[in-house]
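*Asks:* Input: one structure, supplied below.
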Amino acid sequence: MRRIVVAVAALLTMAGVAAPAHAALGEPLSSVQSEQAKTRASRSSVAAASGASVQELRLADGSSIRQYVNAQGIVFAVAWSTRIKPDFGQWLGHHAATFDAAVADAARQPGLKRSAMVDQGDLVVQSFGRPGAFNGKAWLKSQLPSSWQTDAIR
Amino acid sequence: MRFADSVGLRAFAGAFVLAVVAVLSAGCGGGTTSTTTVTCRDPNVCVADEVVLQNAPTGPNTTEIVVDSGPSGGFVLGVTNVPYVSVTVCQPGTSQCATIDHVLLDSGSYGLRVLKSKVASLGLAPVDVAADAASGTPAGTAAECYAFVLGAVWGPLARADVRIADELAPDISIQLIDDGSTKSPSLPANCQSNAQGGLLDSVTQLQANGILGIGMIGVDCGVSCLTSAYPGGYVVYYSCPPSGAACQPAGLPSSTQVRNPVTAFAVNNNGTMVVMPPLPELGAKVARGRLVFGIGTQSNNQLPQSARMYQVQTDPFSANYLYVGLDVAGRAYPQSFIDTGSNALFFSDPGISKTCNVSSGGAGGWYCPTSTWRQSGTLTDMAGMQGSFDLAVGNADTLFTIGAAAFSNLGGDAGQGAETFSIGMPFFYGRTVFTSIWQQRLAENGPWYAF
């Protein structure tokens, strides 16, 4: 698959600098008002496979959250590697409730849960890790660009 | 066979019990032996009542690990492979203490968290948070929402002496898990949503009276929690004003964050060693092993010549941060970890049957292969060091039907395609596993596993 660099936006590395907008899974990237990033965070467009662009939020502690945007401008996937668990309400939008409901039984099994999986309707979520190292990805099947492999979401 | 049938079966079996006491050589060095007591309901179905590691490391820096059916007593379906220890919590500098049994031993988290009701009589002091005008954080006392992949615990921080074996962690921050029906301080909405699948706020939810996090890091959040603002993530620490107004996001210095108690011990503070007895194929109703504090600090915690060391990834900008790589049966799991908090081997291999009668064990259910799945796994560490070990997954329906609590061959699905392998409790039986703590003084510094 051809890898192309879509754009490299200015890095917003200083505290108090307004970061570009982010939208939740399934929403158009441009529909959300800009928000204020209160700590050192950078946001940039990075390399993406054909048919998609990627917006990455990178924090000083090494955390990164990537949003994959299709040709229609819709966020079709999110991938994360973070020290603190990403706020799924923010990143998955209304799909977070679907995720919560689907894992309620699993959460009540004894032992600590270090992985969770939902594959329900249009939504797939893989979430795993432990405190200090949370990883995973989520995508909407209907919004995947044609010929996209989900293992390219990372 | 459905579980409901097995209860009757076990009761029925009582009349036909054939008790056998066997002494097995564990072969884990130092002349260690383990004792197994076995009950057979017929000659073909034998389960160990109890497996005990004898004369495994003893001494003031050691304590017992028990894997049994949990704090509520009796058999609870699915309370399997949860390792418990006893922990004593004291008002700092006094002998006013409470000893808490069935605290879950977790090498995948950091810090002690106990049910608030278990230490209510001690009146432990809270952790103060100063007002911060820049961020809008009000003065108050600290509370925390500590999240796992599923579930989170909520409650205030407190200062306490923590005693385990003869070790003392003096005056450190611990978390009190609010197990009251009305939360005090009130539960923030952000924490409710952080607890994917539900808050862990009772013995029933936790199947433990607390969590003892002895993993590779010294404090439970570190630099990520020094300020209250953390874009894109859930809130960890809060300041709860004395007025009773809602708790607000807060930053905490590392000195008052919840601390891995091991790092506060006087000498044996650079890691741990977990020693568990080998188990029979069908498991045991109770397994007893040892938790040893320190690595290379005493005669009983020396790294054997035969042990291999696996460094986890230490670059926080790597997606593999705090992980090692594992390859099994032609599949790569670059984000793998060795973990007492995972009660099974959790990984994705669509070739293993998930057609089970028992309910889901985690992400995508338990594995139920028709015959035991056996593979060799190859670990690859940050520096390219490799080593192999054997893995087995039995049929979860068969295992749960037996009614045992400890299994060396329980497996569950981590979610199809997930590149992670939780090398959980099944791995620990019949092994001595070392887990070092980052930034503590070691012969070889860094966070690593060795076995």
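*Asks:* Work from the charge dipole of the protein assembly as shown (Cβ charges, +1 for Lys and Arg, -1 for Asp and Glu, about the Cα centre) and give the residue of A:V118, B:G140, A:L25 farthest towards its positive end.
*Replies:* A:L25
*Asks:* Would you mind giving the mean number of other chain beta-carbons within 10 Å of the Cβ of each residue in A:60-71, as a whole number?
*Replies:* The mean count of partner-chain Cβ atoms within 10 Å per residue comes to 3.
*Asks:* Roughly how far apart, in whole Å, are the Cα centres of the stretch B:368-433 and the stretch B:42-71?
*Replies:* Cα centres, the stretch B:368-433 to the stretch B:42-71: 19 Å.
*Asks:* Assign unit charges at the C-beta atoms only (+1 for Lys and Arg, -1 for Asp and Glu), then state the dipole size of the stretch A:50-121 relative to its Cα centre in Debye, rounded to the nearest 20.
*Replies:* Charge dipole, the stretch A:50-121, about its Cα centre: 220 debye, nearest 20.
*Asks:* Rounded to the nearest 20 debye, what is the charge dipole size of the protein assembly as shown about its Cα centre when +1 sits on each Lys and Arg Cβ and -1 on each Asp and Glu Cβ?
*Replies:* 580
*Asks:* Something else now. For A:Y68, what charge total do you get from the other residues with a beta carbon under 12 Å from its beta carbon, if Lys and Arg give +1 and Asp and Glu give -1?
*Replies:* Taking every Cβ under 12 Å from that of A:Y68, the sum is +2.
*Asks:* Report, in debye and to the nearest 20, how large the dipole of chain B comes out about its Cα centre when Lys and Arg carry +1 and Asp and Glu carry -1 on their Cβ.
*Replies:* 300
*Asks:* Which lysines, if any, have their Cα less than 29 Å from the Cα of B:K354, not counting same-chain residues under 8 positions apart?
*Replies:* A:K85, A:K113, A:K137, A:K141, B:K285
*Asks:* Taking the Cα centroid of the stretch B:304-325 and of the stretch B:139-210, what is the distance between the two, rounded to the nearest whole Å?
*Replies:* 29
*Asks:* Run down the lysines and flag those whose C-alpha is under 17 Å from the C-alpha of B:K183, throwing out any fewer than 8 positions away in its chain.
*Replies:* Excluding near neighbours in sequence, the set is B:K116, B:K118.
*Asks:* Of B:T372, B:L176, B:N269, which is farthest on the positive side of the dipole of chain B, counting Cα position, with +1 on Lys and Arg Cβ, -1 on Asp and Glu Cβ, and the Cα centre as origin?
*Replies:* Of B:T372, B:L176, B:N269, it is B:T372.
*Asks:* Here is a follow-up. State which stretch of chain B is the longest one without any exposed trypsin sites (Lys or Arg not before Pro), exposure meaning a DSSP loop state and at most 11 other Cβ atoms within 10 Å.
*Replies:* Excluding the exposed sites themselves, the longest stretch runs over B:3-440.
*Asks:* Continuing with the same structure: Between exposed GluC sites (Glu not before Pro) in chain B, where DSSP calls loop and at most 16 other Cβ atoms lie within 10 Å, what's the longest gap?
*Replies:* Free of exposed loop sites, the longest segment is B:1-280.
Values quoted throughout were computed directly from the atomic coordinates according to the rules given, and no laboratory measurement underlies them. For clarity, every value in this text was computed on a predicted model and none was experimentally measured. Heads up, the Cβs are rebuilt from the backbone with ideal geometry, glycines too, and the neighbour counts pull from every protein chain shown.
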